[in-house]
Amino acid sequence: MLAILHTESSANWGGQEYRAVEQMTWLSRRGYRVGIACPPSSAIAEQARRLGLTVHEETFSGNYNPAGWSRARLLLLRHKYDVVDCHGSRDSNAFALSRDLCPVVRTRHLAHPLKFSWRRHLMWHRGCDHVIATADCIKAMLVAHGLTSGNRVSVIGEWAAPEFFGIAAKDRLRAEIRTQLGLADDARIVVNVGMLRVDKGQDQLIRAAALWRDRGCDAYLVLVGGATSETDGYEAMLRRLVADLHLGDRVVFTGYRDDVHRFVLAADCQVVASLAEAQSRSVPQAFAAVIPVVATRVGGVPELVEHDRSGLLVEPGDPDAIARSVVAVLTDGESARSRAERARHFAERHLSLDAKMEETVALYERLAQSKRQRP
């Protein structure tokens, strides 16, 4: 079986790092030899060690570092990996000169445009064998900016892990989460999952919570996710905003959680309020859990959410539109359930971890086989 090395140069924890760890765990459980090259004190290193995965400590200092290129080659020669899948910029650049040793895949998670430079152009064209884009809009952006050709990009979008499909536990989890949060058994909960960060739009969502309260909608907002050292100021601003809007205990900050599925399965509605996004991991998770979705029309989100069929789409940065959609979900239960059930069927067919990882492994094997056949 293949030996697969994932790499990540970021020290923080977010959806990108979560996806890489989930991939590695899936591969390891199925007998693949897998490792992660990452900074020694990074969040992904901590998570990988906790799960018993192999961690190769690498600082990835600088974008174009000859010493880093040498260390990357030595790692591959020493541990004989068959494929490298790079998730960040600096680690992608570090392995760019190792294509003669094994296929180098570059996974692009972010939808924001990349500024042109000749070095970047060279690295995308010559520094990897193939690109995985996590949304169609990312592929379109890379091709439009001349960073790669369409036949060198595979779109493998987001998924929901098996625990999000566990709807048999919904009644139990609804009761458990409400007890845990000190809420009444019949309290309605609107959940947002994600790192506390400006581009995730939690400030817009808090303003929306004040609006739906003023319109007589008695629902709590639960923010599932924490801030990093770089976004502590944003979290402080969110808490001040809650106080300024007199929301009191109507907004709950859970901090970082490794049991996100419990909150999703217990929710009455899930909102993605992002100002910028690829596909958003939160959407497949809500789909799998049969939870109505309200999401902003950004990036790759409309690739998953079909307005008024599998969820409700609103324009980004519009708290009033979010509030109106949440009220619609919570007051028109039949329509909301119909959309959520259609979304669940779509998730069962297209958004499972097994299906996405089988597609990923098939790509790895094709690239490895092609590399072996070259002289």
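The values are calculated or read from the model by the stated rules, or taken from the named source; none is laboratory data. Since the model is a prediction, treat every value here as computed from it, not as a measurement. Here Cβ is always computed from backbone atoms with ideal geometry, including for glycine, and neighbour counts include all displayed protein chains.
Here are the numbers:
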quantity	calculated
Filter result for residue 115 (among the basic types (Lys, Arg), closer than 24 Å to residue 283 by Cβ and either out of contact with any Leu (no Cβ under 9 Å at 6 or more places or on another chain) or assigned to a helix (DSSP H, G or I) (or both))	no
In region 35-90, residue surrounded by the fewest Cβ atoms within 10 Å (Cβ to Cβ) [restricted to those that are in contact with a helix residue (DSSP H, G or I) (Cβ under 9 Å, 6 or more places away or on another chain), of a type in the set (A, V, I, L, M) and closer than 22 Å to residue 100 by Cβ]	83
Count of region 255-270 residues which are touching a residue at least 40 places away in the same chain (Cβ under 8 Å) and part of a strand (DSSP E or B)	2
Residue, surrounded by the most Cβ atoms within 10 Å (Cβ to Cβ), within region 325-350, restricted to residues that are farther than 18 Å from residue 267 by Cβ and in contact (Cβ under 8 Å) with a residue 40 or more places away in the chain	346
Selected residue (criterion: farthest from residue 118 (Cα to Cα)) from residues of region 59-72 that are modelled with pLDDT of 95 or more and touching an Asp or Glu at 6+ places or on another chain (Cβ under 9 Å)	71
Condition broken by residue 12, with the remaining ones in (1) crowded, with 17+ Cβ neighbours inside 10 Å; (2) at pLDDT below 95; (3) not in a helix (DSSP H, G or I) satisfied	(1)
Any hit, region 80-90, residues being assigned to a helix (DSSP H, G or I) and in contact (Cβ under 8 Å) with a residue 12 or more places away in the chain	yes
Hits in region 196-239 - residues which are under 27 Å from the mean Cα position of the chain (by Cα) and among the charged types (D, E, K, R)	197, 199, 200, 203, 207, 230, 232, 235, 239
One residue from 365, 303 being within 18 Å of residue 133 (Cβ to Cβ), surrounded by fewer than 18 Cβ atoms within 10 Å (Cβ to Cβ) and in contact (Cβ under 8 Å) with a residue 60 or more places away in the chain	303
Where a residue in region 218-242 is on the phi < 0 side of the Ramachandran plot and its partner, wherever it lies, is modelled with pLDDT of 95 or more and aromatic (Phe, Trp, Tyr), with Cβ under 7 Å and at least six apart	219/212; 222/263; 223/253; 224/263; 227/234
Qualifying residues in region 104-138 (those that are among the aliphatic types (A, V, I, L, M) and in contact with a Cys (Cβ under 6 Å, 6 or more places away or on another chain)) - the one surrounded by the most Cβ atoms within 10 Å (Cβ to Cβ)	104
Selected residue (criterion: farthest from residue 26 (Cα to Cα)) from residues of region 311-358 that are part of a strand (DSSP E or B) and among the hydrophobic types (A, V, I, L, M, F, W, C)	314
Selected residue (criterion: farthest from the chain's Cα centre (by Cα)) from residues of region 258-280 that are modelled with pLDDT under 95 and surrounded by fewer than 24 Cβ atoms within 10 Å (Cβ to Cβ)	258
Some residue of region 330-353 being among the aromatic types (Phe, Trp, Tyr), out of contact with any His (no Cβ under 7 Å at 6 or more places or on another chain) and within 22 Å of residue 204 (Cα to Cα)	no
Residues within region 153-190 that are within 23 Å of residue 26 (Cβ to Cβ), without any contact (Cβ under 8 Å) to a residue 24 or more places away in the chain and in a helix (DSSP H, G or I), tallied	1
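The rows are residues; the columns are (1) assigned to a strand (DSSP E or B); (2) crowded, with 21+ Cβ neighbours inside 10 Å; (3) at pLDDT below 95.
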{"residue": "192", "(1), (2), (3)": "yes, yes, no"}
{"residue": "209", "(1), (2), (3)": "no, yes, no"}
{"residue": "217", "(1), (2), (3)": "no, no, no"}
{"residue": "223", "(1), (2), (3)": "yes, yes, no"}
{"residue": "227", "(1), (2), (3)": "no, no, yes"}
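Yes/no per residue for (1) more than 26 Å from residue 290 (Cβ to Cβ); (2) out of contact with any His (no Cβ under 6 Å at 6 or more places or on another chain):
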| position | (1), (2) |
| --- | --- |
| 117 | yes, yes |
| 134 | no, no |
| 139 | yes, yes |
| 165 | no, yes |
| 184 | no, yes |
| 208 | no, yes |
